[in-house]
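Just below is one structure, and these are the notes that go with it.
All of the numbers you see were taken from the coordinates with simple rules; none came from a lab. Please read these numbers as outputs of a predicted model, since none were measured by experiment. As a convention, Cβ positions derive from the backbone with ideal geometry for all residues, glycine included, and neighbour counts pool all protein chains shown.
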């Protein structure tokens, strides 16, 4: 309402305003305008000093410094997550696996459980859930609070600002940068985060491509393979650096695949122009610790963990059953490994890896324990897997792991192809369920599930072909 209207209305209501009300109102408007201009506009010929917020913004959103800072920030968050999760993961594994598993086995024996019932309930169901909790909980409990703090601080909108033009070029939405970043902690959480994208078409692109962001269940596989097979190729002084660079390279390859597949989808089945959006960069502010903990631990970590446990429990029963129930002169798992060895060789893998990824669809966290268990089962190597050949296990000794995997016929090519396949394979069942809940479409759920597998098979097959051709 204009000042004249206020004066008129006041006279109608017989309010008594000061005679200089109009002048004071105008002066106030001009004073506030001057303050806004002083904070945000640098006048020519003046030596206005930028505030620390503007200095920080000039670095974070700069065309040359924004990208490197973003990569360093990602590397720092991942490093803190990986290093910080080692101790709590070890403690949980010691409690649930080293002590809890033998205790339950002794309890079942004293209760005279049949061998198959003890195996199904303890070696299958319980052990799988224990693996998921010990491997999945600590990284999520670290990554999600860090991610939420960056969000509350105001940095994530700057990430979207920096990557907006890249996503627009491939027909996607700039906010997909945020959902992709969330996928590095958990793809299911990244799928839910796509709700910030208003366009249904662009939201669907973000959902389908989110699996190319390495979730915390796949980081251990990447780190283990890079350490055992790639780090040893370099001098000991730089072995750790080589391993870290290899893992970071796979993560950045996931970003590249996100751009490529987003472009392919936006120019074919999801054709359309990228929508423009006005992104208001919020002021930097200190995070609210209590809200950060609640949002990250309750809304994200525990809900996602519960879903993973629910889906992993039946998988543990199936996994134990196929490894311990005989089918002729071998178990069903051994038959499957033998059948899939041929197709696996074509793409640089083997039957053990393919069977492990089939039965580990409910949770990526159990891939490595399953691979080790199946390797012992098929090779008959003694001295590892104290609980028996049909029970999942893991060891922290890299020398033992290298010996076991090499006994299973693993080479550097196997490790490289598995690192690529770990990036490009179907989402876990928790993520698949979340995709269906968010899209309400069986068609797009199937596309999101099988498109990464096709890309992974093509990519691994090409690497294996070139590798063997040049290695003679």
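Points worth noting:
- FRET efficiency for residue 400 and residue 471, using Cβ-Cβ distance with R0 set to 30 Å, rounded to 0.05: 0.65
- Distance histogram in 10 Å bins (all Cα pairs of the stretch 312-358, percent per bin): 28, 47, 24, 1
- FRET E, pair residue 345, residue 54, Förster distance 60 Å, beta-carbon r, rounded to 0.05: 0.55
- Computed over the stretch 313-471, relative contact order equals 22 percent, with contacts defined as Cα pairs under 8 Å that lie 6+ residues apart.
- Fully extending the segment from residue 198 to residue 306 would add 36.0 nm, taking 0.36 nm per residue of separation and subtracting the current Cα-Cα distance.
- Sorted ascending by nearby beta carbons within 10 Å, beginning with the fewest, 470, 161, 229 become 470, 161, 229.
- In this simple spin-label approximation, residue 61 and residue 76 carry label points 7 Å from Cα along the Cα→Cβ vector, and these lie 2.0 nm apart.
- Geometric descriptor of the stretch 313-471, per residue, is 124 Å³ (volume of the convex hull of the Cα atoms).
- Dmax and Rg, reported as Rg then Dmax, of the stretch 91-143 (C-alpha, Å): 12.7, 43
- Each of 87, 132, 120, 71 was scored by other Cβ atoms within 10 Å of its Cβ. Arranged with the fewest first, they read 87, 71, 120, 132.
- Computed over the stretch 67-301, the percent of Cα pairs more than 28 Å apart is 43.
- Cβ-to-Cβ counts within 10 Å put 292, 209 in ascending order as 292, 209, the fewest first.
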